[in-house]
Every structure is written in C-alpha cells, then in structure tokens.
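Participant: I'd like to ask some things about the structure below.
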Amino acid sequence: MNLNKEEDRTAWKPFLDVILSLCVSGDNADFFILNPERIYSSRSSCRAIIESYGITDADKLSEILSWMAVGNGSKEYLDMRNTLSLMSLTERNSYIQIEKHSPEYKYKLSIVNHYMGRLPSSGIDAYSYGWAMFYCYAGKELEYMKEEEKWEYVGSILQKVLKSYSSWREFIHAFAVGRLFHSSTLSADISRQTRASLIKLLVSPLSPIHKAHTWK
C-alpha cells in the first residue's frame, strides 16, 4: 500500500486510527478510542510504552519492526494451533494438562484451544500488526525514524492487514485474542477491559470506525 502522498494518508487516517486505538487498554482506553491522535502525540508516553517493550533506539526499533511486521508475533500461537489441530477435543484437553508444561504454556494452550476454528488462518497476526503500526508512529515521534520510513512501514503493514482479514469484526476479534494470548494470565480485569474497550470502539457514534474506509 503506497502512502507516499498526503492525500492518501489523509484518506486512510480513520482506518489507521481504529487500528492504533486497539493498542490502548486500561482506565484511559475510552478517551483514546475517541481521540486516537492523542495516543502517539505525547513523547513521554510514547517513550514509556515502547521502552517497556525493549525499544530504546532506532536500531532496536528497526529490528523489532522487521520481526513483527511479517506476523512473527503470532508464530507461537500458530505452532500451538497446528499441534492441537491434530488431536481430538479429549486429547487436546489432556495434552494441555501435562505436568511438564509450565503454567504460562498451559495458559497459552488453553487460549489457543478455546479459539480453535474461530479465527482466520492468519490467527492473531492482527495483534502484531497493530503494535507494529503503533511503534511506527511512536518511533517517528521520538525521531527514531524519518517520516518517509514511517509511512513505508505503515503502508506495508496496512497491506498485510487488508490481505489477512476481511472485516473489522474479524480483525478486532483476532487482536483481542492476541491480547489475551500475550497476557500472563487470563485475569478478569484483562477480559473486562478488553471487552469494554471493543464495545466502545464498535458502538460509540464518535468512534473512528464509522469514518474508516469500508473494508475491501
């Protein structure tokens, strides 16, 4: 997807805003969903968020973007799904409870098992694509990349999003499952915050989703 021209960036902005708003959770999620441009406008907030993921300079940003932008963030999920897909439901449930599996691994297997057959073949790539896009915006804000480089990455990610998912419902569902998969535990708070944020995004008349391109 070529976003070199300002008019193309403007046309796709509502669509990109929806994707960026998915990266926000917690008490301030509602505000940022309705004001997506504020997500990446604060240098201090951008720095705090991306440093929590180990991004401290331009080289590290480039390394992580190259890894995430091709969907590698969901490789573990897809590997688990492939393993479980060869088993019956009873066999899957027994396999998840094997003692040698760590609590974290069992938790991730349980998420994969619960959503078997309920996601497209791209799995939770939506989660990687969404965060990769946020890193591009934050990286530009922190001067870790130039404007042209940012839009080259964003255009490439956007093209993968459109190829991998056929609707907002599909993309948002995959992103939400990705958030659960990458959480350390299936806490009630995480589930409640995720559900509340997505409902706000989908139903609020002020949501950027109503201004976004029709999914094609």
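The values are calculated or read from the model by the stated rules, or taken from the named source; none is laboratory data. None of these values were measured; they are calculated from a predicted model. Glycine gets a Cβ as well: all are built from the backbone with ideal geometry, and neighbour counts include every protein chain shown.
Participant: Do any residues in the range 31-42 that are closer than 19 Å to Val203 by Cα have Cβ atoms under 7 Å from those of residues that are basic (Lys, Arg) and surrounded by fewer than 20 Cβ atoms within 10 Å (Cβ to Cβ), where the two are at least six apart or on different chains, and which pairs are they?
Facilitator: Phe32/Arg38; Ile33/Lys200
Participant: I've got another one for you. Of everything in the range 66-107, what is closer than 24 Å to Leu162 by Cα and out of contact with any Gly (no Cβ under 7 Å at 6 or more places or on another chain)? Give them in sequence order. Even if it seems obvious, please write down each step before you answer.
Facilitator: Kept after step one, since they are closer than 24 Å to Leu162 by Cα, are these residues of the range 66-107: 66-79, 81-82.
Within the range 66-107, Ser66, Trp67, Met68, Ala69, Val70, Gly71, Asn72, Gly73, Lys75, Glu76, Asp79, Asn82 qualify.
Condition check ((1) within 20 Å of Ser45 (Cβ to Cβ); (2) surrounded by 20 or more Cβ atoms within 10 Å (Cβ to Cβ); (3) among the basic types (Lys, Arg)) across all residues:
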{"site": "Met116", "(1), (2), (3)": "no, no, no"}
{"site": "Gly123", "(1), (2), (3)": "no, yes, no"}
{"site": "Tyr135", "(1), (2), (3)": "yes, yes, no"}
{"site": "Lys150", "(1), (2), (3)": "yes, yes, yes"}
{"site": "Ile157", "(1), (2), (3)": "no, yes, no"}
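Participant: Moving on. Against the definition (over 21 Å from Ile157 (Cα atoms), at pLDDT 75 or above and not charged (D, E, K, R)), how does Ser44 come out, yes or no?
Facilitator: yes
Participant: Shifting gears a bit: I'm checking my understanding of the structure. Among residues of the range 149-159 that are touching a helix residue (DSSP H, G or I) at 6+ places or on another chain (Cβ under 6 Å) and not aliphatic (A, V, I, L, M), which one is farthest from Glu6 (Cα to Cα)? Reasoning before the result, please.
Facilitator: Taking the range 149-159 and keeping what is touching a helix residue (DSSP H, G or I) at 6+ places or on another chain (Cβ under 6 Å), we get 150, 153-154, 157.
Restricting the remaining residues to those that are not aliphatic (A, V, I, L, M) gives 150, 153.
Working: Lys150: 13, Tyr153: 15 Å.
Restricting to residues being touching a helix residue (DSSP H, G or I) at 6+ places or on another chain (Cβ under 6 Å) and not aliphatic (A, V, I, L, M), the top hit is Tyr153.
Participant: Just the residues that are within 16 Å of Leu180 (Cβ to Cβ) and either surrounded by fewer than 14 Cβ atoms within 10 Å (Cβ to Cβ) or among the aromatic types (Phe, Trp, Tyr) (or both), please, taken from the range 78-111.
Facilitator: Pro103, Glu104, Tyr105, Tyr107
Participant: Of all helices (runs of 4 or more DSSP H) completely enclosed by the range 56-142, which ones contain at least 3 residues that are of a type in the set (A, V, I, L, M, F, W, C) and in contact (Cβ under 8 Å) with a residue 40 or more places away in the chain?
Facilitator: Working: elements: 58-68, 75-85, 89-96, 103-114, 125-141.
Hits in the range 56-142: 58-68, 125-141.
Participant: When you scan the range 161-198, how many residues do you find that are in a helix (DSSP H, G or I) and at pLDDT below 75?
Facilitator: 10
Participant: For Lys140, all conditions in the list (1) under 24 Å from Ser52 (Cβ atoms); (2) surrounded by fewer than 16 Cβ atoms within 10 Å (Cβ to Cβ); (3) not polar (S, T, N, Q) hold save one; what is the number of the exception?
Facilitator: Single failed check for Lys140: (2).
Participant: I've got another one for you. Within the range 3-28, track down each residue that is modelled with pLDDT under 85 and more than 20 Å from Ser128 (Cβ to Cβ).
Facilitator: Residues satisfying the conditions are Asn4, Gly26, Asp27, Asn28.
Participant: Which numbered condition in (1) at pLDDT below 90; (2) assigned to a helix (DSSP H, G or I); (3) surrounded by fewer than 15 Cβ atoms within 10 Å (Cβ to Cβ) is the only one that Ile49 fails?
Facilitator: Unmet for Ile49, out of (1) at pLDDT below 90; (2) assigned to a helix (DSSP H, G or I); (3) surrounded by fewer than 15 Cβ atoms within 10 Å (Cβ to Cβ): (3).
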